[in-house]
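Worksheet: one structure, shown below.
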Amino acid sequence: MMHVYFDHNASTPLDPRVLEVMLPFLHEQCGNASSRHEFGTVARKAVDRAREQVAAIVGAQPAQVVFTSGGTEANNLFIRGMAAGMKPGQVAVSSIEHPCVTAPAQDLARQGWKLRKLKVNCDGRIDLNDVDAALAEKTALMSVMLANNETGVIQDVATVGERAKRAGAVMHTDAVQALGKIPVEFSALNVQALTLSAHKIYGPKGAGALVVDKRLDLRAVLTGGGQERGLRGGTENVPAIVGFGVACEIAAGRLKELGARLSGLRERLEQGLTGMGAVIFGNNAPRLPNTSYFAFRGIHGETLVIELDKSGYAVGSGAACSSTDNAPSGTLLAMGVEPELARGAVRFSLGADNSAEQVDGFLRALSGVLQRLRTMQAVAV
Ligand code: PLP
């Protein structure tokens, strides 16, 4: 049975055009970008080209791009790398950040920083009053994601960033999920740093970037050979960086077309879901066009994911990295969703290769699974 993939917020398939550009760098073009010979020069030029492509998709200058091993490292670099040059103060992050923002912020709290979690409302949007309340106290660092990985809800980062700037806080946004799905413009967001990841945009796993305002006093977390203007030591992952660059170019070229197509498919899905009695999270807020996060009362999300998988459909249950534990989604709890309903959450995230037929097939499979599970529950009672 061919499985249909509806978990693109967890990761995306490599675009064949990306693979093609990467292949020589996995093989004969083996040069280290720091080497002085011809092989090194070819690698250096390829990394420079990728730097231009990544900068272009967010309207930044190439020199602002610091390549990392992915979104996790870029978020760690911002939080740890900024804190390294500061006295402990307040760090404010939204209560729905990815763990790779929350965990380094918690580490700062263990080192004498004050960690403040910004509230979200029931639609999954950051509470701007709480942002103001946080900024009323001297805040050194603030991080609010551009789009949430579970709900797909888009945050008003530009407004938060403007307020942060006025209050003298250094503002960062994790734009990993937003990239390739909605426009991401560094300067329009009023941030000084922004995180990107390649494998969410049909690029390879293991490449990402922190795009920074070069005036920041950012310190390296990984030190060594002084690569990336001294901000990230380590031999550049040339094939992955090259792939990331091309993936950005492809994403920028099809942003509008893809967004319109996927939001049409999502609409089709959600009409079906609503008809079956699903609760859809965050659907009153602006959302990424590809994401639908829903639950059925009385049905465990993990069970649904497993049963749907048996029927040939791959969906996610909350954040991919926390779907191994049984705790309800922190994002949904922060939105005030009852834990019982939150335990039912299933994340459906569309990608470029999905079709209306696949969505219809999914809805049929879901209907069958729900019927089976409800019959089993009725028998058990
Ligand atoms: N930030 C968000 C919002 C994400 O969804 C993810 C991946 O799930 C990451 C960061 C981590 O990125 P990476 O997998 O490149 O480390």
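Please treat every number below as a calculation from the coordinates, not as lab data. Being a predicted model, the structure only gives us computed values, none of them experimental. We place every Cβ from the backbone using ideal geometry, glycine too, and count neighbours over all the protein chains shown.
Quick notes
- Of the peptides 81-93, 221-233, the order by per-residue mean of other Cβ atoms within 10 Å, starting with the highest, comes out as 81-93, 221-233.
- Highest-first packing order for the peptide set 35-46, 281-292 is 281-292, 35-46, based on the mean count of other beta carbon atoms within 10 Å.
- Chain lengthening between HIS3 and GLU267 when straightened (0.36 nm per residue, less Cα-Cα): 92.8 nm
- Compared with the dominant principal axis of the Cα atoms in the chain, helix 238-275 is inclined by about 20°.
- Cα lying deepest toward the dipole's positive end in the stretch 16-250, options ILE250, ALA60, ALA198, charges on Cβ: ALA60
- Rounded to the nearest 20 debye, the dipole magnitude of the chain is 640 debye, with +1 charges on Lys and Arg beta carbons, -1 on Asp and Glu beta carbons, and the Cα centre as origin.
- Length gained on full extension, ALA103 to ASP353: 86.6 nm, using 0.36 nm per residue less the C-alpha separation.
- Using the Cβ-Cβ distance between GLN371 and GLU257 with R0 set to 25 Å, the FRET efficiency works out to roughly 0.10.
- Under the Debye formula (equal points on every Cα, no solvent term), log10 I(q)/I(0) of the chain at q = 0.10, 0.12 Å⁻¹: -0.65, -0.91
- Listed residue pairs exceeding 22 Å between alpha carbons, taken from LYS114/LYS138; LYS205/LYS310; LYS119/LYS214; LYS181/LYS205; LYS45/LYS181: LYS205/LYS310; LYS119/LYS214; LYS45/LYS181
- Once the Cβ-Cβ distance of VAL279 and GLU162 is raised to the sixth power relative to R0 = 35 Å, the FRET efficiency obtained is 0.55.
- Extreme residue, positive dipole direction of the stretch 16-250, given options GLY40, MET171, GLY225 (C-beta unit charges): GLY225
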